Every structure is written in C-alpha cells, then in structure tokens.
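Structure, as structure tokens:
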Amino acid sequence: MSTDAKNAIAQMEKIVSLCKRRGFIFQSSEIYGGCGGVWDYGPLGAELKRNLRNVWWNTMTREREDVLGLDASILMNPAIWKASGHVDTFADLMRECSLTNKRVRADHVEPQDGVVMNYSGAKSPTGWKLARPISVLMKKGEHIESLRKRVRTLIASNAGEAAGKVEEIELLDEAKGDTLERTIDFHPETGGALGDARPFNLMLKTYLGPTATEADVTYLRPETAQAIFAQFKNVYDSSRMKVPFGIGQIGKAFRNEVTPKNFTFRSREFEQMELEFFIKPDEAVEIISGKVDTWSEGADLSEPKPNWGWQMWHRYWVDQRTKFYEGIGLGDVLEYYWQTPEDLAHYARACVDILCEFPFGTEELEGIAARGDFDLSAHQTASTKSQEIFDEELKTAAAKLTAEQKDALRARKQEEGRNTVKKKAEKERREPTADDFAAMEKSMNYFCDRLFAGNYVPHVIEPSAGLDRMALAVIAKAFSETEKVDEKGKKEIITVLRLHPRVAPIKVGVFPLLKNKPELVAKAREVYALLKKHMNCFYDETASIGRRYARQDEAGTPFGVTIDFETCGEKGPELADTVTLRHRDSGEQERVKITDLLGKLLPLVS
Ligand code: GAP
C-alpha cells in the first residue's frame, strides 16, 4: 500500500474516532455489532446537520422569490418508481463469487495477477461434499499452502457446521491452470472465480398494508426528487408561481448500496437536499424573447434573465451552488467534473459533478443535471395526467409569429427528432425503423401545436446534494492537529475542528474563570442566558480555562466567552460588564462589553 493510501486511512481513522469521541457520529445499532451502511448522529452531529440543512433551506428557498419548499412522504405509490425508470434501471451491475456467493460491483474489481488453481470439488470426513468445480486465483507471491487454507476456510464458512473442521476439508483433484495478468474475473477478497455481471436493483423494498403480498410492494424512496415531480402540478396550481421557478426538498433517501464505504460517504440511509428548478423550453424562450441566450465563457450569471436558455440556467445553478459551498467554508476544496456525452444518463443534456477533497480522494458532493422534460413527461405518460402549464406570455408571442416562422420552427424540431431517433437506435445497435420516425414526427408536431397555443411541459435543472456527504466534507476539511507543549514540558497533539461558524454545532462556549466564585458564576449564567436564546451555546465551569478552551476547539466551537474578575468590576469600573471573547482560529482575545456581545456574534454565526 502506498504511503499516501496509508496516510489517508490514518486520517480517516482519526476523523471517525473524533466523531465518536465528541458525539458527532456513531455506528447505528453499535451494541448489536452495527448495521451495515447506517449511521446515527449524536448531539453535536445532530446540530451540525441541522445547521447545514438550515443554510441550504434558507439559501435555496426562503431567501429566493422563485423557489418554494416541499416536505413529501418517503413512501409513495410504486407507479412513481416505474415511471421514473428506477424499477427497471436503478441498478448496479454485480458479479458473484462462485466460492462464497459474495457479490462485488462489476466496476469495482481491480485487475489482479496470479495463477488459476482448479479443483473438482471438496469433501470432509463428516460426509459433507461440494460436488462442483472450484476455480481460485492464487495471487502473485501467495504460497500454495496459504491458498489451500484460504479456500478451505471460505468453503467451511459457507457450508456451516456440516463441513466439520476446516483443516479436515479435502480439496479434490488440484490442477494448475493459466497464469493471468490484470484479470478482473476473480473476487478481490476471496479470490474465487466471478460469475457474469447481473443487474442488482438498489431500491429498498417494503410492503404497504397488512397482507404483505407482492401486490403491496413499494419502495423506500431512493431520491427525494420524484416526489417533487409528482407534486409539481399541485404546487404550481396552489402557489400561482410562474415558470421559471423551483421546488426544493430535504429528506431521507434509501439505497441498498452493495458496498457502503468511506464512513458516511456511501450509506444505505442518507439525506438529500434537492432542488428541481423548472424552466421554459428553449423554443418558448425563443418565441417570447426572439433569441435564446446560450452559454459563452465569462457570461454574466449574477441575475437570471428572461432570455436565458437551459444552458445559462444550468451554469447559473453551478455558480449558485459554488457560492453556497464557499459560504460554509468548502470553497477551496471543490473541483468540477463535466460529464462527457458517454457519461450522461440518456435523459440528461448536461451534468456537472461538484467534487470535494476527502481524505480518501476527490469524490462527488453534489450533481447538477439539466434533465430536459424527461421526468414530468414520464409522469404525464404513465399517470395520463397532464403536466403541461399554460403560459399567457407565450401564447401572445406565438400569435404574432408568421406562418413561415412557425414552419421553420416545426422543420427544426422535426430535424432534431430525426437525429434523436438515429442516435437512440445507434445506442441500441439497431437500424431506426419507419415507425420510429413516424412516432417522432407525430410527437414533434404535437409539441409545436401545443407550444403555439401557449402550452408546454417545463424542463428542469436539478442541483442534488447529499447532507451526510456535506457533513463529512466539512468535518474532514475542518479537522486539524497541532503539537503543543504543556506547562510541564509534555508534548501533546491537540485536535482543532475549524468548522465554519455558520455550521458549527456550538457557536459559543461560556466560561466563568473560576467555578468557586459565585459572582463569576452568576455573571456567566447571565451571559449564557442572554446568548442561548439566539444561538447554540455551551456553559462549562469545570477544569482549567485552557482545558475548557481545548474541549471546545475539538468540538468545533468558534468562539469562547470568559467571565473574569474584570467583568465584575474588580479591576476598575471601565472594565466592568466586559468579557474576554476568544476567537478559535486566530487565537485572538478581545475585550467586549456584554451589551455588544450579541451584535458582534450574530452576524458571524448566521
Ligand atoms: N435526484 C438525483 C440523484 O439522486 P445522485 O447523484 O444519485 O442523484 C445526489 O444523488 C446526491 O446524493 C449525491 O451527489 C450525494 O451527495 C448523495 N448520495 C447519493 N447516494 C448516496 C449514498 N449512498 N450515501 C450518501 N449520499 C449519497
């Protein structure tokens, strides 16, 4: 293992340990040995998540005039997941180990070198038999005895008690096979030969209703987005919003991830913060504004414009989301991956992944996709309920178009449609049929007819972020260690969590200098009572003041307020009712009047 990989593991271990020690994140069901890919947030973690949620909610909905919120249920009619494509295509390709039935994601098998060892089967003195051939990769440098022991152990753990003692299992008809280089056909952990790749659906199934038959099957939602699409018309009709506008939602999502990993990064239960921002199709913008503004390097994204096409809206949301991350202290650890046409899902016109530097590598934090009208159209078709909206401005503008202008637009859409048919057929490795072209022509004519009458199914830009990943990203970015020498000359490693004040679970620690001085304690309690109505504070009177500062540094608390003898006026009236305000990151300490404290702190933490 490379030094970088070892350092990354060590760094993650320290972060996981801090999260447990300070009550940020615990393993779920820990007293029963845990529950794979599921995590619980302790007192500090719960506050951190709440702060992140609030920053997202406020930035994305309350502070905007064009976005509304939604809080939909986790369980929905399973028809939603059929229409969205999740039932048929939300799957990872998996391969199964022929030795242990352990599954691995097909794209997660690293190439390996070694020699294939074949056996016709195995038996044991208990009478147990394995009557099928076994192929195992003896990895480069592995001793044959070590391989045999490994195979016996794996067989025994799969067979259970029937196989008897591991050392008494006999492997039959051992034969050396091919020497392979960079093979991806053996399980990375067990070495057993892998079967063909098969899709494994990631949705978690459950039953709705008491009979628990197949007819009652539904799913725990694998994303929050679909509820937004399913409720689009209700929100639109009840809010009198006009397109462009968005609907945001925060909530739990569930995926039966095959290999949950990297702490909370890939979990089976997690929270998403998703915005579906509905825009006019470019053709509607063109009719209304005469011309569609498309993206060019350096274009002004500060304020949305009526002539923006989908490209500008997509870039705008990438820019907005970048500013969001800057606002929570992640600005300098972001990277962007613009998906190539080969990466894109069939319905997406563009997608950018916002990546973040984690100890285990640079990984996706959020995806921002331009999804066209795929989702609303899919629900329109499946539910047979119209998802079109009527746009008066469009109808008025379309009425002014000449017949030639309408024909030109129709011809362009027909041409686009023909290209789509060809591309789809090419992807499916077949020739496009006359029926394909006829169906597309009909659909394009229908689109144009509806458009000229002022109707369309809105298109969508979707910034989709994971709350748990965001929490992990801010913790990993904030984690720092420094070496300190104490009064007795002893060196110790001090951990400081440099969390941005907006997201820090505790904003201020309030400390009386000494706990046996009633006047200090009373004043400190007064200050605590004053602040806690406005922000999460922590009152601490135990241990030395240095120790108390260190405890709060480790919890990520950005400010400390100490009430000392000056506060009580013992060092002159000019210092009475002032406190020491300590800034965690700079170590700076300043004297502040109690009456000025709130005014000083509030803008820093909100
Ligand atoms: N509606 C689009 C959608 O769900 P996604 O890329 O599958 O897109 C969006 O998920 C975000 O949700 C990801 O960028 C990530 O932050 C988060 N996410 C997805 N799967 C996750 C998992 N297993 N554990 C934690 N977060 C996850």
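Under the definition of Cα pairs under 8 Å and six or more residues apart, what whole-number percent is the relative contact order of the range 272-414?
Working: 136 pairs, mean separation 23.8, N = 143.
Computed value for the range 272-414: 17 percent relative contact order.
Work through the residues other than residue 542 whose Cβ is under 10 Å from its Cβ and net out their charges, Lys, Arg +1 and Asp, Glu -1.
Values: positive: 515, 547, 548, 551; negative: 540, 541.
Spelling it out: positives minus negatives among the neighbours equals +2.
Report relative contact order for the chain in percent, whole number only (criteria: Cα-Cα under 8 Å, sequence separation at least 6).
Working: 1083 pairs, mean separation 74.1, N = 606.
12 percent.
Express in whole angstrom the spacing between the alpha-carbon centres of the range 385-404 and the range 166-199.
If we compute the Cα centre of each part, the gap is 64 Å.
Charges only on Cβ, +1 for Lys and Arg, -1 for Asp and Glu: so what's the dipole of the chain about the Cα centre, in debye to the nearest 20?
Numbers: 86 positive and 94 negative charges, 259 e Å.
The dipole magnitude comes to about 1240 debye.
What FRET efficiency do you get for residue 20 and residue 485 if R0 is 35 Å and r is their Cβ-Cβ distance, rounded to the nearest 0.05?
Values: r = 27 Å, r/R0 = 0.78.
That pair, residue 20 with residue 485, gives E of 0.80.
Find which of 231, 211, 265 sits farthest along the positive direction of the dipole of the range 202-270, computed with +1 on the beta-carbon of Lys and Arg, -1 on that of Asp and Glu, about the Cα centre.
Among 231, 211, 265, the one farthest towards the positive end of the dipole of the range 202-270 is 265.
Given the convex hull of the Cα atoms of the range 150-203, what is a quarter of its surface area in nm²?
Values: hull surface 24.4 nm².
Here the figure is 6.1 nm², rounded to one decimal.
Just to confirm a number: summing +1 for Lys and Arg and -1 for Asp and Glu over residues other than residue 123 whose beta-carbon lies under 9 angstrom from that of residue 123, what do you get? Intermediate values should be presented prior to the final figure.
On the way: positive: 129; negative: 170.
Neighbour charge sum, excluding residue 123 itself: 0.
So if I place +1 on the C-beta of Lys and Arg and -1 on the C-beta of Asp and Glu, and nothing else carries charge, what would the dipole magnitude of the range 323-477 be about its Cα centre? I want it in debye, nearest 20.
Details: 21 positive and 29 negative charges, 132 e Å.
The calculation lands at about 640 debye.
Along the charge dipole of the chain, which of 151, 470, 545 sits closest to the positive end, that is, farthest toward it, with unit charges on the beta carbon of Lys, Arg, Asp and Glu (+1, +1, -1, -1)?
Projecting each Cα onto the dipole axis, the largest value belongs to 545.
Can you pull a Stokes-Einstein diffusion coefficient for the range 175-263 at 25 °C (0.890 mPa s), Rh from Kirkwood over Cα pairs, as a whole number of µm²/s? Walk me through the numbers on the way to the answer.
Details: Rh = 18.3 Å.
Translational diffusion coefficient: 134 µm²/s.
Given +1 on the Cβ of Lys and Arg, -1 on the Cβ of Asp and Glu, and no further charges, what dipole in debye does the range 323-373 carry about its Cα centre, rounded to the nearest 20? Mind dumping the intermediate values first?
On the way: 3 positive and 11 negative charges, 49 e Å.
For the range 323-373, the charge dipole is close to 240 debye.
Residue 224: net charge of surrounding residues, Cβ under 11 Å, Lys/Arg +1, Asp/Glu -1, itself excluded? Write down the numbers at each step before the final one.
On the way: positive: 221, 252; negative: 71, 223, 271, 274, 276, 462.
It works out to a net charge of -4.
Quick check on my link table: of 233/395; 490/532; 205/422; 242/532, which ones sit more than 30 Å apart, alpha carbon to alpha carbon? List each step's numbers first, then the result.
Working: 233/395 20 Å; 490/532 36 Å; 205/422 37 Å; 242/532 41 Å.
As for pairs spanning more than 30 Å Cα to Cα, those are 490/532; 205/422; 242/532.
Could you do me a favour and compute the accessible area per residue for the range 306-423, 1.4 Å probe, result in Å²? Let's see the in-between values first.
Values: 5810 Å² over 118 residues.
Solvent-accessible surface per residue comes out at 49 Å².
Using a 7 Å offset from the Cα along the Cα-to-Cβ direction at both residue 13 and residue 453, what is the distance between the two label points in nm, to one decimal?
6.8
Tell me, what is the percent relative contact order of the range 455-504, built from C-alpha pairs under 8 Å that lie six or more residues apart?
Numbers: 36 pairs, mean separation 14.5, N = 50.
RCO, the range 455-504: 29 percent.
Work from the charge dipole of the chain (Cβ charges, +1 for Lys and Arg, -1 for Asp and Glu, about the Cα centre) and give the residue of 522, 200, 555 farthest towards its positive end.
Selected residue: 522.
Quick one: Karplus J couplings for the range 552-560, per residue in order, coefficients 6.51, -1.76, 1.60, θ = phi - 60°, nearest Hz, x for Gly and Pro?
Ordered by residue, 3J(HN,Hα) equals 6, 4, 6, 7, x, 6, x, 9, x Hz.
For the range 475-564, give the percent of accessible area contributed by carbon and sulfur heavy atoms, probe 1.4 Å, rounded to a whole number.
Values: 2210 of 4270 Å².
The computed percentage sits at 52.
Can you list residues whose amide H is under 5 Å from residue 206's amide H, if they're 5+ apart or on another chain and H is modeled 1.01 Å from N?
Correct list: 218, 219, 220.
The values are calculated or read from the model by the stated rules, or taken from the named source; none is laboratory data. Keep in mind it's a predicted model, so treat the numbers as computed, not measured. Reconstructed Cβ throughout: ideal geometry from the backbone, glycine too, with neighbour counts over all protein chains shown. Protein only, heavy atoms only, side chains kept; ligands, DNA and RNA dropped before computing areas. Shrake-Rupley method; radii C 1.70, N 1.55, O 1.52, S 1.80 Å.
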